[in-house]
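For reference, the structure is listed below as structure tokens.
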Amino acid sequence: MPPTGRTFPTPLTSLASVTFRIPLALLVPLALLGLGGCMPTTTGPHDQLPVMARADAQAWARHMTAYMAEAAGITLTDSTADPAFRPCTGRNGETAPDDRFSLSYAVDSTVPLPQHPEAVRRIRQMLEGRGFEVRSYREEWQGEPSALLDAYEPTGHYLVSAETGGGTDRLLLRISTPCLRPPPAPTR
């Protein structure tokens, strides 16, 4: 069952031009545009990168993990949020001078270990309903609860994960963005 208190985060590819509090009647047309209305059907090394400021990328990842937590019926421990920005590097170690970056955003939730499989099952159901491709999934390891979910969003090219943290009550939610380009600096 999808969460009722939050709207699904706007697709990553269209975030540079919208805010998070858009009425549902406007969100659907915007999402359809972001999901391909003005985008090429193939991706390649010379395609333009999505444009987004670091603060906006972090806010989007925070919103996405909150949506995942709501779908699972769990509460995030906001003080554990760990945004890690990294420069984008090419196959040969090259970097561009425009400060492009990727973001890995992780946040914990304290959930009794026996409840991890159900929480991850709910997240999986929500993600599949939104068009994500599940890449890895398990509910237990060697007969013990040890949940793992890795899913890929094919339009925005980002990854989401939910996993048991070391056999404890820690359930980790993570978002990994593709390479993003910051907006150009204002000219004077």
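Throughout, read-outs are computed from the coordinates displayed, never taken from laboratory work. Note that the coordinates shown come from a computational prediction; the quantities given were computed from them, not determined experimentally. All Cβ positions, even for glycine, are placed from backbone atoms using ideal geometry, and neighbour counts span all protein chains on display.
Between Q115 and V51, residue separation times 0.36 nm minus the direct Cα-Cα distance comes to 19.2 nm. For the pair T187 and E128, a Förster radius of 45 Å applied to the C-beta separation gives a FRET efficiency near 0.50, rounded to the nearest 0.05. Ranking of L159, L173 by neighbouring Cβ atoms within 10 Å, starting from the fewest: L159, L173.
Of W60, W141, how do they rank once you tally other Cβ atoms within 10 Å and put the fewest first?
Numbers: W60 23, W141 12.
Least crowded to most crowded, the residues run W141, W60.
Inverting the pair-averaged 1/r between distinct Cα atoms of region 116-188 gives 13.6 Å as its Kirkwood hydrodynamic radius.
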